[in-house]
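The values are calculated or read from the model by the stated rules, or taken from the named source; none is laboratory data. Quick caveat: nothing in here was measured; it's all calculated off a predicted structure. No Cβ is skipped: glycine too gets one built from the backbone with ideal geometry, and neighbour counts run over all protein chains shown.
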Amino acid sequence: MGSASENLPSTPPSPCLSSFSSSKHDFDESNNGELERILSDTSVPRSKRLGAATWIELKLLFYLAAPAVIVYVINYVMSMSTQIFSGHLGNLELAASSLGNNGIQIFAYGLMYNTSNMGSPPSNHVDDVDEPLLTPSTPPPPLQNLSFSSKHDESSNTGELERILSDTSVPLSKRVGAATWIELKLLFYLAAPAVIVYLINYVMSMSTQIFSGHLGNLELAAASLGNTGIQVFAYGLMLGMGSAVETLCGQAYGAQKFEMLGVYLQRSTILLSIAGIVLTFIYIFSEPILVFLGESPRIASAAALFVYGLIPQIFAYAVNFPIQKFLQAQSIVAPSAYISTATLAIHVLLSWLVVYKVGLGLLGASLVLSFSWWVIVVAQFVYIVKSERCKDTWRGFSVQAFSGLPEFFKLSAASAVMLCLETWYFQILVLLAGLLPHPDTTVSGWVFMISVGFNAAASVRVSNELGARNPRSASFSVVVVTVISFVLSVIIAIVVLLLRDVISYVFTEGEEVAAAVSDLCPLLALSIVLNGIQPVLSGVAVGCGWQTFVAYVNVGCYYGVGIPLGSVLGFYFKLSAKGIWIGMLGGTVLQTLILMWVTFRTDWTREVEEASKRLNKWDDNKEPLLKN
């Protein structure tokens with residue numbers, strides 16, 4: 001890809017870039033246009049443009065990521081609290097809830113989530129695709145008051161970013177500074193809520209396991225097995241299918257084809273619900289499946305009981321992931337964070353009442369988790385119907401949602417394969433190790449949730465800019481979000497290494513286990529760094545619609561390199577869990593390097609054209625979307 005700052009002549013700064021610091025940005029479509037304008041205005045010094053563009057992008061990213069992180073964290077806490085309550089019922093109940101959550105429920109979650117990702121926001125002006133992206137004969141508008149403090153809505157910020165990056169009359173350093181400031185604002189506006197959402201979702205799931213663990217060791221084992229064995233499979237499948245919504249909605253929003261967002265939302269929900277019916281049978285027959293995989297009949301039976309209560313959650317996933325991507329495509333991220341936070345409090349209270357006071361045990365813990373997810377779904381849907389911000393994108397239920405389902409399924413399937421190959425890869429390695437490294441994976445899980453928040457922000461930013469025909473802004477956003485996520489992950493990895501002995505005893509009081517955890521911390525630190533980069537690059541891929549390509553990369557890196565290497569090191573060279581982990585890292589490193597190479601060699605002008613073609617293909621323009 002061409003860097004936003006490549007080959008930009010150093011010319012004297014223009015008056016418009018006189019200050020970087022006085023204005024507040026609102027976060028809507030205007031930010032996108034402003035970003036492109038800043039990057040394209042060569043009359044402004046390069047450093048000034050980069051500074052202003054970076055600031056805009058950071059604001060947008062933070063605006064998107066923060067609410068998303070809150071939502072995911074709260075959802076995780078809800079699930080975890082259910083396990084906690086189950087754990088207090090006894091060992092059997094704790095083991096069963098853990099098995100149900102980690103084994104069965106995650107499978108459905110992943111499937112639903114990826115299908116919903118099919119609609120990230122694209123950019124504007126798709127109808128003008130026959131016109132040149134940047135007309136050389138027409139000078140860009142003057143960069144007036146290019147500062148860090150002027151008031152912009154989201155669309156103006158992105159347009160300003162493109163303008164700054166394109167203005168070769170401005171010195172490179174000036175443009176980079178201005179563009180970075182804009183991008184940072186955009187990025188954190190998106191990423192902070194997203195990170196919160198993911199972390200809260202993670203905490204919900206963890207709390208369910210904790211409650212289950214207080215029921216007893218068997219219950220804890222069962223809940224863990226259910227989570228990692230069954231639920232992770234479903235989670236990955238749903239999550240993957242949902243990413244189709246992320247691609248289409250994001251680009252459609254950027255192209256101002258607002259009415260299509262509601263249609264994409266409904267199509268994805270229909271497909272995910274059908275997938276949920278199939279997953280229901282897997283949940284119903286989870287006990288024989290777990291026994292077949294080598295689990296003890298006693299634990300498998302308890303885990304199956306826990307999983308039965310998660311069946312309603314499958315269909316909550318089917319609605320939640322498309323809704324979440326529908327909102328994120330429009331840079332509406334804070335409401336999901338608020339809803340998830342409130343639901344977490346309800347979840348913990350209900351878990352305590354149902355598990356301890358009513359005495360429903362493992363089944364009660366998982367049923368409460370399912371109920372909490374439906375609370376989130378209903379609240380978000382009410383927001384969509386009642387909010388003025390969604391009046392252009394949600395125009396009621398439409399029969400158009402049932403058209404084009406086979407083609408929509410193909411994109412959803414590609415998204416699901418992309419994520420499932422990755423999710424199942426780690427589950428296979430856990431099975432190969434013959435153990436569940438809970439302390440290490442729990443710490444890494446928290447970091448991963450933060451990276452997933454930036455994944456969502458990256459997908460929204462890239463798809464919005466592509467839809468808005470802002471190639472320089474799209475490429476600049478990729479650089480900024482990757483660097484930020486990498487820096488954060490490195491800081492966390494250093495903290496983990498410095499506190500490796502303390503972290504060991506947070507999870508266990510046993511000397512032997514604590515020593516083993518401490519010994520694995522260097523590998524954990526490397527995993528944290530990789531988890532800071534890889535999810536962001538995957539988010540860029542989703543924003544561009546590269547799901548099929550990434551699926552091939554995942555097959556080669558994970559199943560052609562990671563698993564064989566881990567098996568050889570773990571079993572042949574007797575390195576045990578450490579060898580398997582090294583194999584996992586080998587596959588992940590290779591995948592990350594390939595994605596980085598492809599991403600940073602991308603022709604973003606061509607991606608703009610591809611986005612417009614994709615939208616035209618999916619736009620049902622032969623007949624009205626909604627008939628009066």
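Quick rundown of the values:
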{"read-out": "Flag if W373 is surrounded by fewer than 20 Cβ atoms within 10 Å (Cβ to Cβ) and in contact (Cβ under 8 Å) with a residue 40 or more places away in the chain", "value": "no"}
{"read-out": "Any hit, the stretch 285-308, residues being within 30 Å of G262 (Cβ to Cβ), touching a Leu at 6+ places or on another chain (Cβ under 6 Å) and buried (at least 22 other Cβ atoms within 10 Å of the Cβ)", "value": "no"}
{"read-out": "Scope the stretch 544-582; condition under 27 Å from L239 (Cβ atoms) and polar (S, T, N, Q); matching residues", "value": "Q547, T548, N554, S567"}
{"read-out": "Filter result (farther than 23 Å from E295 by Cβ and hydroxyl-bearing (S, T, Y)) within the stretch 208-262", "value": "S243, T247, Y253"}
{"read-out": "So T269, is it modelled with pLDDT of 80 or more, touching a Pro at 6+ places or on another chain (Cβ under 8 Å) and not in a loop (DSSP other than H, G, I, E, B)", "value": "yes"}
{"read-out": "Number of positions in the stretch 248-289 that are among the hydroxyl-bearing types (S, T, Y) and under 15 Å from K325 (Cα atoms)", "value": "4"}
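Results for (1) within 28 Å of V608 (Cα to Cα); (2) modelled with pLDDT of 75 or more; (3) in contact with a helix residue (DSSP H, G or I) (Cβ under 6 Å, 6 or more places away or on another chain), shown as yes or no for each residue.
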residue: L215; (1), (2), (3): no, yes, yes
residue: E246; (1), (2), (3): yes, yes, yes
residue: C249; (1), (2), (3): yes, yes, yes
residue: G262; (1), (2), (3): yes, yes, no
residue: I282; (1), (2), (3): no, yes, no
residue: S296; (1), (2), (3): no, yes, no
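To keep it simple, each residue is scored yes or no on (1) surrounded by 21 or more Cβ atoms within 10 Å (Cβ to Cβ); (2) under 26 Å from the mean Cα position of the chain (by Cα); (3) in a loop (DSSP other than H, G, I, E, B).
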site: Q328; (1), (2), (3): yes, yes, no
site: L344; (1), (2), (3): yes, yes, no
site: K357; (1), (2), (3): no, no, no
site: L362; (1), (2), (3): yes, no, no
site: F381; (1), (2), (3): no, yes, no
site: F408; (1), (2), (3): yes, yes, no
